[in-house]
Amino acid sequence: MTSTPLAAWIEGIGFLAPGLADWPAARAVLRDGQRYSPAPSVLPPAAMLPPAERRRASRIVRLTLAIGLEAAAHAEADVSTLATVFASSGADGYNCHALCEQLATDDRQISPTRFHNSVHNAAAGYWGIATGSMAPCQVLCAFDASFGAGLLDALGQVVVDGQPTLLIAYDSEYPEPLHSKRRISDCGGVALLLTPARTRRSLAQIALTPTAGPAQAFADAGLEGLRQDIPAMRSLPLLANLARGEPGQIRLDYLPPMQLNVALEPC
């Protein structure tokens, strides 16, 4: 039995990863062959947040605002109207570490800021504050398959509801001793603005179906290391084809034995 593809158009891309400050920087490596040089992720300030929330904004909040707003800007989209899907394997590693440190002391009282930043949907909440959005929002976690789960959900919303949907997939590192159990080296993420119909701003059409077999890997050791290191970077094979404007069938990691096949047709 064949599966009916979930299809949509990509109108905007946002990106941030170690050594790659935004989508143009990533595109230069993926398309133009510039050497990938890892470096600590540089997060811009959360300028759209009110001052009080800006002071409380974690690395995850700054990351998701940066990539989400970049994708929306490429598409000239009104961020206050966009349905969103947030997908992360573990959310805010530093906040989790700070909570564990506090709970390991005799004084186990947690600050309100630490507490409200600890929930998995904190980034989505700050997004709503920054953008004034009252649109539908989903927040997902599927460990290393979180990008694939988010892509499935976002495409489902586009197909069923017929409205543009912004996927924001992101991850953050954990300090030691948690880092030895969850080896994510730094924070990074990708945002895709998906629409139900082609427009003058469309970059490509994608159609997703389940498949089997291994996900596509990079011959370049640096890029392959990045793909495996940060769960949201499981998106890199798809982004590589988008950067080069190449059609093709791209297999992405999901929940073994199921993988995801993305048919890409650039505009």
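Computed quantities for the displayed model
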{"item": "Apportionment of accessible area to carbon and sulfur, the chain, percent (1.4 Å)", "result": "55"}
{"item": "Amide H contacts of A83 (H built 1.01 Å from N, under 5 Å, at least 5 apart or other chain)", "result": "L166"}
{"item": "For S41, residues with placed amide H under 5 Å, excluding near neighbours", "result": "G19, C187"}
{"item": "Cα gyration tensor of the chain - equivalent ellipsoid semi-axes, whole Å, descending", "result": "29, 21, 18"}
{"item": "For V159, solvent-accessible area (1.4 Å; no DNA, RNA or ligand), Å²", "result": "80"}
{"item": "V119 versus V159: modelled label distance in nm, points set 7 Å from Cα along the beta carbon direction", "result": "3.1"}
{"item": "Computed FRET value (nearest 0.05) for L103 with A39, which takes r as the C-beta separation and R₀ as 30 Å", "result": "0.35"}
{"item": "Long-range HN-HN contacts of I184 with modeled amide H, under 5 Å", "result": "Y174"}
{"item": "Additional length obtainable on full extension of the chain from E224 to R201, 0.36 nm per residue less Cα span", "result": "5.3 nm"}
{"item": "Share of alpha-carbon pairs per 10 Å distance bin for the range 171-229, given as whole %", "result": "16, 28, 35, 17, 4"}
{"item": "Kirkwood Rh and Cα Rg combined as Rg over Rh, evaluated for the range 35-93", "result": "1.00"}
{"item": "³J(HN,Hα) computed for each position of the range 81-98 - Karplus, 6.51 cos²θ - 1.76 cosθ + 1.60, integer Hz, glycine/proline x", "result": "9, 7, 5, 10, 10, 9, 9, 8, 6, x, 6, 8, x, 5, 5, 4, 4, 5"}
{"item": "Relative contact order, percent, the chain [alpha-carbon distance under 8 Å, six or more residues apart]", "result": "27"}
{"item": "Cβ-based charge dipole, the chain, positive-most Cα from A71, G93, N121", "result": "A71"}
{"item": "Gain in span if fully extended, S80 to M258, counting 0.36 nm per residue against the direct Cα distance", "result": "60.6 nm"}
{"item": "Computed FRET value (nearest 0.05) for A28 with I110, which takes r as the C-beta separation and R₀ as 41 Å", "result": "0.45"}
{"item": "Residue-wise HN-Hα coupling along the range 214-221, computed from phi with Karplus coefficients 6.51, -1.76, 1.60 (Hz; x: Gly, Pro)", "result": "x, 5, 6, 10, 9, 5, 5, 5"}
{"item": "Largest-first principal axis extents of the Cα set of the range 10-127 (Å)", "result": "55, 36, 25"}
{"item": "Using θ = phi - 60° and Karplus 6.51 cos²θ - 1.76 cosθ + 1.60, couplings along the range 247-258 (whole Hz; Gly, Pro as x)", "result": "x, x, 10, 10, 9, 10, 5, 9, 10, x, x, 7"}
{"item": "Simple Cβ-charge dipole of the chain, Lys/Arg +1 and Asp/Glu -1, about Cα centre, in debye nearest 20", "result": "180"}
{"item": "Kirkwood Rh and Cα Rg combined as Rg/Rh, the range 60-206", "result": "1.03"}
{"item": "Ratio Rg/Rh, restricted to the range 227-267 and using Cα atoms, in which Rh is the Kirkwood radius", "result": "1.00"}
{"item": "Two-site FRET efficiency, T209 against A73, from Cβ-Cβ distance with R₀ of 22 Å, rounded to 0.05", "result": "0.10"}
{"item": "Computed magnitude of the charge dipole of the range 1-64 (debye, nearest 20; Cβ of K, R +1, Cβ of D, E -1)", "result": "300"}
{"item": "Value of relative contact order over the range 132-232, rounded to a whole percent, pairs C-alpha under 8 Å and six or more apart", "result": "30"}
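The values are calculated or read from the model by the stated rules, or taken from the named source; none is laboratory data. Nothing here was measured: the structure is a model prediction, and the numbers come from that model. Cβ sites come from the backbone with ideal geometry, for glycine too, and all protein chains shown count toward neighbours. Remember, those area values only see protein heavy atoms, side chains included, never the ligands or the DNA or RNA. Shrake-Rupley method; radii C 1.70, N 1.55, O 1.52, S 1.80 Å.
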